[in-house]
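Engineer: Sharing a structure here in structure tokens format.
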Amino acid sequence: MPPRSLLTGRTFMEFSIPAYCALIAAMGVLAYMSAKRRAMHVAAGTVTNEISRSFHSRPNFHGVFAAGLVTLLAFGVMIGGVIAGLPGWLVIALIVVLAGLAFAYTRTTIRANFKARNVVEFAIKSGLVICSTIAVLTTIGIVLSLLFESLRFFKDVPVLDFLTGLQWSPQTALREDQAGQSGAFGAVPVFAGTFLVMLVAISIAAPTGLMIAMYLSEYASKRTRSIVKPAIEILAGVPTVVYGYFALLTVGPTIRSFAESLGASVPTQSAIAAGSVMGVMIIPFISSLSDDVINAVPQSLRDGSYALGATRSETMIKVVFGGALPGIIGALLLAVSRAIGETMIVVMAAGRAANLTANPFEAVTTVTVQIVALLTGDTEFDTAKTLSAFALGLVLFVITLILNVIALIIVRRYRERYD
Amino acid sequence: MTENTSKNIKFTCRDVRVSYSGKEAVKGIDIEIADRSVTAFIGPSGCGKSSFLRVFNRMNDTIPGCAVTGDIRMDGEDIYAPGLDPVLLRARVGMVFQKPNPFPKSIYDNVAYGPRIHGLAESKADLDEIVHNSLKRAGLWDEVKDRLKDSGTGLSGGQQQRLVIARAIAVSPEVILMDEPASALDPIATAKLEVLIEELKEKFCIVIVTHSMAQAARISQKTAFFHMGDLVEYDETDQIFTNPAELRTQDYIMGRTG
Ligand SMILES: Nc1ncnc2c1ncn2[C@@H]1O[C@H](COP(=O)(O)OP(=O)(O)OP(=O)(O)O)[C@@H](O)[C@H]1O
Ligand SMILES: [Mg+2]
């Protein structure tokens, strides 16, 4: 039971942190103004033409240095005090005393040769480095956990069986108490399903996206472009779950009833239903990125082509498109990796049966669908069934990583070409 | 039509004006340009040389907001007539730009681009011959004959400029317009280019914009001096450089303005 404030009856934790912060901020501001003022005063007394003896840092750097030292120290005291559960008055007292000492110290540093600017620059640089390190470390942590859980899975199921097995039925395996036996964890149908859905999506999105890009960059007037481009980009902002039920409730049934009218039977959930809606979703990736790279093709190339008597479409197809091709391929690869990682649409509209098929009119399952299926509901996280989700995730991660790296390399090469 | 019947006049211009979004950059120019010779356009930066040059192959059509008025005839034919297709005109009037702009294709494909579009070659052998002849005419053949498959963008600046000239020649135009073709080249590449222009004028009508007085004096037969959108003086090159009629021309040539 933490101690409570006599005044408000709340615990010191609840009541104090904002108050401490306000106090610290106020002290920081005071330290800044005071140190800056003092520095200006001192600097005024050391006017000289010799660089070696002149006042090194501008007054506001001294101010920032003082404020930074005071607030950092006070902040540390606050965190330590709160964690140790000290009473509020004691924390405040400690803050004031220690910050006061720090301030007193900064007073002594305000002189011509103290390099406050360098200290401040170093502190800013360190802060930035720390932030990016945190982001990188988080990524590494995620990858490592993916890796270790996968390794646990691969103890039960050999890697080769996982990567080449043609049968995927983790649920049955569990029921029959056969976890880890080869056959049940063959991931090929799952990846085949992912690939099939991706193929459907790309074969819809690539031509549409490219034609939109060509229209926008070569034919549309500035005005049209300024309206149409953002309008298409909205497609990318629609929540994927909305696409999901659109696929499940509209596209799937439409395809089924159309097939029925032709005498064929197609399930509501199918690779084509999920893939076509996903295709619509990734159109803006392709159209916007391609539009950018097409625009980056220098006008001088177009002029050169026109001057040879080429028409607009000849110029576009033979010169502009060729010039932009590496960038366009990069855009396509990014769209593909987006399609492979997409989850919500396929969960809702692709089905769950791990069919090994090349027929887009059948229900298929994808990596992401399986991961969702494996990890939702009451599960223990040490069975081969749940661990297999990590193995799937790892392979998926590696694939999209490779795609992204290739795409980025291509795009970079392309940039260099016109710089 | 009398002036057009004269055999060695290629272009006749009457009161040509070019404006960008209503702002006039070329202000009513009358000029006649001779065939099989080099005509140089000189004048201070921004005086409308490029704008006027682009009149001859209707490249101004591709610039939004740009309007051209006046009567411009090539071999007596109005090149701004409503029914005339600028695409066909540009096959007859080639252009070389200030900055070499080879396509990101192989050297061969760069030169073959125009002939392919216009269906000038019946066979692969025909096309090979056109490419060969054009590169040879442009003085580039010996330097690139072993690497026709390499990218055109990998050549040096001077080679690129000769490559785009070869590309222009390959469609057998009648006229070649050059807008400061040597401004990105070193003296040696420039000298080569000038030799090339000297040869090309035997077959083509060449109009060249240049900022180099010496270059204009060396290679052109006639020189036109522009100033703020006006054609100030147009005469034999020797005349312009030794005994200009206008003070403004003299000032510019002596480097006193501009
Ligand atoms: N695309 C354009 N849009 C608007 N104005 C233009 C355009 N091109 C040229 N102008 C204007 O027309 C005038 C003449 O330009 P132009 O490029 O013809 O000059 P120039 O004599 O070729 O100059 P330079 O020697 O610098 O190349 C200038 O005032 C310029 O600002
Ligand atoms: Mg110019």
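Engineer: Suppose we filter A:G323, A:G341, A:G309 for residues that are away from chain B (no Cβ under 14 Å) and not basic (K, R); which single one remains?
Structural biologist: Working: A:G323 fails: away from chain B (no Cβ under 14 Å); A:G309 fails: away from chain B (no Cβ under 14 Å).
Going through A:G323, A:G341, A:G309 in turn, the sole match is A:G341.
Engineer: What's the number of the only condition in (1) facing chain A (nearest Cβ under 8 Å); (2) out of contact with any strand residue (DSSP E or B) (no Cβ under 8 Å at 6 or more places or on another chain); (3) open to solvent by less than 40 Å² (accessible area, probe 1.4 Å) that B:A81 fails to meet?
Structural biologist: Checking B:A81 against (1) facing chain A (nearest Cβ under 8 Å); (2) out of contact with any strand residue (DSSP E or B) (no Cβ under 8 Å at 6 or more places or on another chain); (3) open to solvent by less than 40 Å² (accessible area, probe 1.4 Å), the one that fails is (1).
Engineer: What single numbered condition from (1) within 15 Å of ligand 1 (Cβ to nearest atom); (2) within 19 Å of the chain's Cα centre (by Cα) fails to hold for B:V93?
Structural biologist: Tallying (1) within 15 Å of ligand 1 (Cβ to nearest atom); (2) within 19 Å of the chain's Cα centre (by Cα), B:V93 fails exactly one: (1).
Engineer: How many residues does segment B:200-223 contain that are within 24 Å of B:A170 (Cβ to Cβ) and open to solvent by 10 Å² or more (accessible area, probe 1.4 Å)?
Structural biologist: Residues flagged as within 24 Å of B:A170 (Cβ to Cβ) and open to solvent by 10 Å² or more (accessible area, probe 1.4 Å) within segment B:200-223 amount to 3.
Engineer: Could you tell me whether A:A273 is assigned to a helix (DSSP H, G or I), small (G, A, S) and either more than 30 Å from A:L396 (Cα to Cα) or not assigned by TED's automatic domain parsing to the domain that holds A:G351 (or both)?
Structural biologist: Working: assigned to a helix (DSSP H, G or I): yes; small (G, A, S): yes; either more than 30 Å from A:L396 (Cα to Cα) or not assigned by TED's automatic domain parsing to the domain that holds A:G351 (or both): no.
Against the criterion (assigned to a helix (DSSP H, G or I), small (G, A, S) and either more than 30 Å from A:L396 (Cα to Cα) or not assigned by TED's automatic domain parsing to the domain that holds A:G351 (or both)), A:A273 does not qualify.
Engineer: Among residues belonging to segment B:24-48 that are more than 16 Å from B:G70 (Cα to Cα) and open to solvent by 50 Å² or more (accessible area, probe 1.4 Å), point out the one that is nearest to the chain's Cα centre (by Cα).
Structural biologist: B:R36
Engineer: Which one is farthest from ligand 1 (Cβ to nearest atom) among residues in segment B:13-23 that are more than 14 Å from every other protein chain (Cβ to nearest Cβ) and open to solvent by 30 Å² or more (accessible area, probe 1.4 Å)?
Structural biologist: Filtering segment B:13-23 down to residues more than 14 Å from every other protein chain (Cβ to nearest Cβ) leaves B:13-20, B:22-23.
Retained after the next criterion (residues that are open to solvent by 30 Å² or more (accessible area, probe 1.4 Å)): B:14-15, B:17, B:20, B:22-23.
Values: B:R14: 19, B:D15: 18, B:R17: 12, B:Y20: 3, B:G22: 10, B:K23: 7 Å.
Across segment B:13-23, the extreme among qualifying residues is B:R14.
Engineer: Now a separate question. Could you pull out the residue among A:L216, A:L199, A:L235 that is in contact with a Lys or Arg (Cβ under 6 Å, 6 or more places away or on another chain) and touching a residue at least 40 places away in the same chain (Cβ under 8 Å)?
Structural biologist: Working: A:L199 fails: in contact with a Lys or Arg (Cβ under 6 Å, 6 or more places away or on another chain); A:L235 fails: in contact with a Lys or Arg (Cβ under 6 Å, 6 or more places away or on another chain).
Exactly one of A:L216, A:L199, A:L235 is in contact with a Lys or Arg (Cβ under 6 Å, 6 or more places away or on another chain) and touching a residue at least 40 places away in the same chain (Cβ under 8 Å), namely A:L216.
Engineer: Shifting gears a bit: Yes or no: A:G244 open to solvent by less than 50 Å² (accessible area, probe 1.4 Å) and either within 30 Å of B:P86 (Cα to Cα) or not assigned by TED's automatic domain parsing to the domain that holds A:A339 (or both)? Break it down stepwise before answering.
Structural biologist: On the way: open to solvent by less than 50 Å² (accessible area, probe 1.4 Å): yes; either within 30 Å of B:P86 (Cα to Cα) or not assigned by TED's automatic domain parsing to the domain that holds A:A339 (or both): no.
Here the answer is no, as A:G244 does not meet what is asked.
Engineer: Further question: Is there a residue in segment A:123-131 that is in a helix (DSSP H, G or I) and either over 39 Å from the mean Cα position of the chain (by Cα) or hydroxyl-bearing (S, T, Y) (or both)?
Structural biologist: Filtering segment A:123-131 down to residues in a helix (DSSP H, G or I) leaves A:123-131.
Filter once more, keeping what is either over 39 Å from the mean Cα position of the chain (by Cα) or hydroxyl-bearing (S, T, Y) (or both): A:126.
Checked against the condition, which is being in a helix (DSSP H, G or I) and either over 39 Å from the mean Cα position of the chain (by Cα) or hydroxyl-bearing (S, T, Y) (or both), segment A:123-131 yields at least one hit.
Engineer: Can I ask one more? Taking the options B:V55, B:V87, B:V68, name whichever one is away from chain A (no Cβ under 14 Å) and open to solvent by less than 50 Å² (accessible area, probe 1.4 Å). Please lay out each step first, then the result.
Structural biologist: Values: B:V55 fails: away from chain A (no Cβ under 14 Å); B:V87 fails: away from chain A (no Cβ under 14 Å).
Answer to the selection: B:V68.
Engineer: So, one more: So for segment B:157-179 (the condition being surrounded by fewer than 22 Cβ atoms within 10 Å (Cβ to Cβ), closer than 30 Å to B:L120 by Cβ and within 16 Å of ligand 2 (Cβ to nearest atom)), does at least one residue qualify?
Structural biologist: The answer is yes; a qualifying residue exists.
Engineer: (1) away from every other protein chain (no Cβ under 11 Å); (2) open to solvent by 20 Å² or more (accessible area, probe 1.4 Å): which one isn't true of B:S151, the others all being true?
Structural biologist: (1)
One line per residue, one yes/no per condition, for (1) assigned to a strand (DSSP E or B); (2) more than 16 Å from ligand 2 (Cβ to nearest atom); (3) within 12 Å of another protein chain (Cβ to nearest Cβ); (4) over 27 Å from B:G158 (Cα atoms):
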site	(1), (2), (3), (4)
B:F11	yes, yes, no, yes
B:G28	yes, yes, no, yes
B:R36	no, yes, no, no
B:A40	yes, no, no, no
B:N60	no, no, yes, no
B:R73	yes, yes, no, yes
B:K99	no, no, yes, no
B:N110	no, yes, yes, no
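Engineer: Condition first: basic (K, R) and within 16 Å of ligand 1 (Cβ to nearest atom). Can you find one or more residues in segment B:155-162 that meet it?
Structural biologist: Restricting attention to segment B:155-162, the residues satisfying the condition of being basic (K, R) are B:162.
The next check asks that each one be within 16 Å of ligand 1 (Cβ to nearest atom); those that pass are none.
Among the residues of segment B:155-162, not one is basic (K, R) and within 16 Å of ligand 1 (Cβ to nearest atom), which makes the answer no.
Engineer: Go through the residues of segment B:120-135 one by one and say whether even a single one is assigned to a helix (DSSP H, G or I), crowded, with 19+ Cβ neighbours inside 10 Å and within 9 Å of chain A (Cβ to nearest Cβ). Even if it seems obvious, please write down each step before you answer.
Structural biologist: Within segment B:120-135, the first condition is being assigned to a helix (DSSP H, G or I), and the residues that meet it are B:124-135.
In the following step, the residues that additionally are crowded, with 19+ Cβ neighbours inside 10 Å were identified as B:130-131, B:134-135.
Okay, now just the ones that are also within 9 Å of chain A (Cβ to nearest Cβ), so none.
Scanning segment B:120-135, I find no residue that is assigned to a helix (DSSP H, G or I), crowded, with 19+ Cβ neighbours inside 10 Å and within 9 Å of chain A (Cβ to nearest Cβ), so the answer is no.
Engineer: Within segment B:228-258, which residues are within 13 Å of ligand 1 (Cβ to nearest atom) and not in a strand (DSSP E or B)?
Structural biologist: If the condition is that a residue be within 13 Å of ligand 1 (Cβ to nearest atom) and not in a strand (DSSP E or B), then B:M228, B:G229, B:Y252, B:G258 are the ones that fit.
Engineer: Answer yes or no: is there a residue in segment A:207-221 that is surrounded by 23 or more Cβ atoms within 10 Å (Cβ to Cβ) and touching a helix residue (DSSP H, G or I) at 6+ places or on another chain (Cβ under 6 Å). First the steps, then the outcome.
Structural biologist: Start the filter on segment A:207-221 by keeping residues that are surrounded by 23 or more Cβ atoms within 10 Å (Cβ to Cβ), which leaves A:209, A:213.
Filter again for touching a helix residue (DSSP H, G or I) at 6+ places or on another chain (Cβ under 6 Å), leaving A:209, A:213.
Taking every residue of segment A:207-221 in turn, at least one turns out to be surrounded by 23 or more Cβ atoms within 10 Å (Cβ to Cβ) and touching a helix residue (DSSP H, G or I) at 6+ places or on another chain (Cβ under 6 Å).
Engineer: So the check is Cβ under 6 Å with 6+ separation or different chains; which pairs have a first residue in segment B:166-186 that's touching a residue at least 24 places away in the same chain (Cβ under 8 Å) and a second one that's open to solvent by 10 Å² or more (accessible area, probe 1.4 Å) and of a type in the set (S, T, N, Q)?
Structural biologist: Taking only residues 6 or more apart or on different chains, the pairs are B:D179/B:S50; B:D179/B:Q98; B:E180/B:Q98; B:A182/B:T190; B:S183/B:Q98.
Engineer: Go through segment A:286-393 and tell me which helices (runs of 4 or more DSSP H), entirely inside it, have 2 or more residues that are under 30 Å from B:P104 (Cβ atoms) and open to solvent by less than 10 Å² (accessible area, probe 1.4 Å). Spell out how you get there, then give the answer.
Structural biologist: Values: elements: A:299-307, A:321-341, A:344-349, A:367-375.
The helices (runs of 4 or more DSSP H) meeting that bar are A:299-307, A:321-341.
Engineer: Something else: Being at pLDDT 90 or above, exposed (fewer than 12 other Cβ atoms within 10 Å of the Cβ) and within 26 Å of A:A22 (Cβ to Cβ), is that true of even one residue in segment A:84-94?
Structural biologist: Checked segment A:84-94: no residue is at pLDDT 90 or above, exposed (fewer than 12 other Cβ atoms within 10 Å of the Cβ) and within 26 Å of A:A22 (Cβ to Cβ).
Engineer: Determine, yes or no, whether B:T237 is closer than 14 Å to B:M178 by Cβ and buried (at least 17 other Cβ atoms within 10 Å of the Cβ). Steps first, answer last, please.
Structural biologist: Values: closer than 14 Å to B:M178 by Cβ: no; buried (at least 17 other Cβ atoms within 10 Å of the Cβ): yes.
Here the answer is no, as B:T237 does not meet what is asked.
Engineer: Pairs please, first residue from segment B:47-58 and farther than 14 Å from B:C205 by Cβ and in a helix (DSSP H, G or I), second anywhere and within 10 Å of ligand 2 (Cβ to nearest atom) and not charged (D, E, K, R), Cβ atoms under 8 Å, 6+ apart in sequence or on different chains.
Structural biologist: Close Cβ pairs (under 8 Å, with a partner that is within 10 Å of ligand 2 (Cβ to nearest atom) and not charged (D, E, K, R)) amount to B:K49/B:F41; B:K49/B:G43; B:K49/B:V209; B:S50/B:V209; B:F52/B:F41.
Engineer: Of the conditions (1) crowded, with 22+ Cβ neighbours inside 10 Å; (2) more than 16 Å from ligand 1 (Cβ to nearest atom), B:G76 fails just one. Which one is it?
Structural biologist: (1)
The values are calculated or read from the model by the stated rules, or taken from the named source; none is laboratory data. Keep in mind the model is a prediction, meaning the values are calculated, not measured. Counting neighbours? That spans all protein chains shown, and the Cβs are built from the backbone with ideal geometry, glycine included. When the accessible area is computed, the model is the full protein with side chains, heavy atoms only, and any ligands, DNA or RNA have been set aside. Shrake-Rupley method; radii C 1.70, N 1.55, O 1.52, S 1.80 Å.
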